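Here is the structure we will look at.
The values are calculated or read from the model by the stated rules, or taken from the named source; none is laboratory data. Because the structure is predicted, anything quoted here is derived from the model rather than measured. Heads up, the Cβs are rebuilt from the backbone with ideal geometry, glycines too, and the neighbour counts pull from every protein chain shown.
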Amino acid sequence: MLYFILRLFSSLPLAALQIIGAFIGLLVYLCSPRYRGRLYKNHQSAANYSGFKSTPWRVAAESGMIFGDTLWIWRHPKSSINKVAIENLDQVIELSNNGKGLIVLASHLGGFEIVPRIFAEHTRATVMYRPARKVWVNELMLKSRKHTEIKFVEANIGGVRQIKRALVKGEVVGLLADQVPNVGDGVWAKFFNQYAYTTSFPIKLARQANVAILFVGAERLGLGKGWLIKSRLMTDEFPDCLIDACTEMNQYFEEMILSKPRQYMWSYNRYKRPSGAEMAPIE
């Protein structure tokens, strides 16, 4: 039943779906103390540290818009591409087609679901994802994300092997690298001045495959107007120390997020400690 409701909503114009998403985001913020507390704490801490100004209510609405963006991109893949503007387009095309392989790192910012489809316009892409806990949600994700030039692989040993093979073939691989990894797959590194358990996989992968890393963000342009793809190529090598390298990676994400801080998913439990992981450092 819920699947058909989502299908019905996703058939609406993008602007209408974003407005509905904003309403849902505000409703969840109002009705869920746990959600409200986490969003408020994460947002305010980052705002106090970085100096950006926005209200938690506005952030809650923008978070709901992410939901609207996602549904619309899934339902209208071709129309979504037509609503995208890309900064440094020539560089993106060159990096995608040079046959050397490329690691694309994105975060939960704005219309992030459009990012793999942008690169799939120019080359084959392999994208690592974390399966949803509910089976029907995971099936919906895979069905909605289906694309002839994109291969989605789970974040497990088999997925890691497929990611490495794709890089050997000179293809693009994509990762959402602001998610909390499993214990043993990350280190504690600062993210907006708080220790966050951070994946070290992209750094190890780049070193092993000797490929470039491109940080990408998809900023929402306004109601129904689509998204602006911004990218930054990492030109220097990461520090040898893994903690320092992960800290630097997080700083790249911070820069992307700070261009549109209200559009980041502050409700995500970014600072949680995975089961079995050591405690975060105390300063």
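Restricting Val84, Val59, Val92 to those that are at pLDDT 90 or above, in contact with a His (Cβ under 8 Å, 6 or more places away or on another chain) and either surrounded by fewer than 17 Cβ atoms within 10 Å (Cβ to Cβ) or β-branched (Val, Ile, Thr) (or both) reduces the list to Val59. In segment 175-197, the residue that is farthest from the chain's Cα centre (by Cα) out of those that are at positive phi and either surrounded by fewer than 22 Cβ atoms within 10 Å (Cβ to Cβ) or without any contact (Cβ under 8 Å) to a residue 24 or more places away in the chain (or both) is Gly184.
Selection within segment 117-168: residues that are in contact with a Gly (Cβ under 6 Å, 6 or more places away or on another chain) and within 19 Å of Asn182 (Cβ to Cβ). The member of this set that is surrounded by the most Cβ atoms within 10 Å (Cβ to Cβ) is Val127.
Answer yes if at least one residue in segment 257-276 is under 25 Å from Asn98 (Cβ atoms), in contact (Cβ under 8 Å) with a residue 60 or more places away in the chain and surrounded by fewer than 19 Cβ atoms within 10 Å (Cβ to Cβ), and no otherwise. So that I can check it myself, show each step before the final result.
The first filter runs over segment 257-276 and keeps only residues under 25 Å from Asn98 (Cβ atoms), leaving none.
For segment 257-276, residues under 25 Å from Asn98 (Cβ atoms), in contact (Cβ under 8 Å) with a residue 60 or more places away in the chain and surrounded by fewer than 19 Cβ atoms within 10 Å (Cβ to Cβ): absent.
Condition (residue is under 13 Å from the mean Cα position of the chain (by Cα) and part of a loop (DSSP other than H, G, I, E, B)) applied to segment 268-277: is it met by at least one residue? Yes, segment 268-277 has at least one match.
Identify the residue in segment 228-266 that is assigned to a strand (DSSP E or B) and touching a Leu at 6+ places or on another chain (Cβ under 6 Å) and, among all such residues, is nearest to Leu95 (Cα to Cα). If you could, list the steps in order and put the result at the bottom.
Here is the first cut: in segment 228-266, the residues assigned to a strand (DSSP E or B) are 228-233, 264.
Narrowing further to those that are touching a Leu at 6+ places or on another chain (Cβ under 6 Å): 228, 231, 233, 264.
Details: Leu228: 18, Ser231: 11, Leu233: 10, Tyr264: 26 Å.
Filtering first and then ranking leaves Leu233.
Among all residues of segment 23-41, there is none that is part of a helix (DSSP H, G or I), closer than 16 Å to Gly110 by Cα and among the basic types (Lys, Arg).
Just one of (1) farther than 17 Å from Tyr268 by Cβ; (2) in a helix (DSSP H, G or I) fails for Thr70. It is (1). The number of residues in segment 218-250 being closer than 18 Å to Ile203 by Cα, of a type outside the set (D, E, K, R) and without any contact (Cβ under 8 Å) to a residue 12 or more places away in the chain comes to 3. Candidates are the residues of segment 95-114 that are within 26 Å of Asp69 (Cα to Cα) and small (Gly, Ala, Ser); the one that is surrounded by the fewest Cβ atoms within 10 Å (Cβ to Cβ) is Ser96. Thr148: touching a strand residue (DSSP E or B) at 6+ places or on another chain (Cβ under 6 Å) and polar (S, T, N, Q), yes or no? No; evaluated as a whole, the condition is false for this residue.
For segment 206-222, which residues satisfy the criterion of being surrounded by 17 or more Cβ atoms within 10 Å (Cβ to Cβ) and either modelled with pLDDT of 95 or more or part of a strand (DSSP E or B) (or both)?
Of segment 206-222, the ones surrounded by 17 or more Cβ atoms within 10 Å (Cβ to Cβ) are 206, 209, 211, 213-220.
Correct list: Ile213, Leu214, Phe215, Val216, Gly217, Ala218, Glu219, Arg220.
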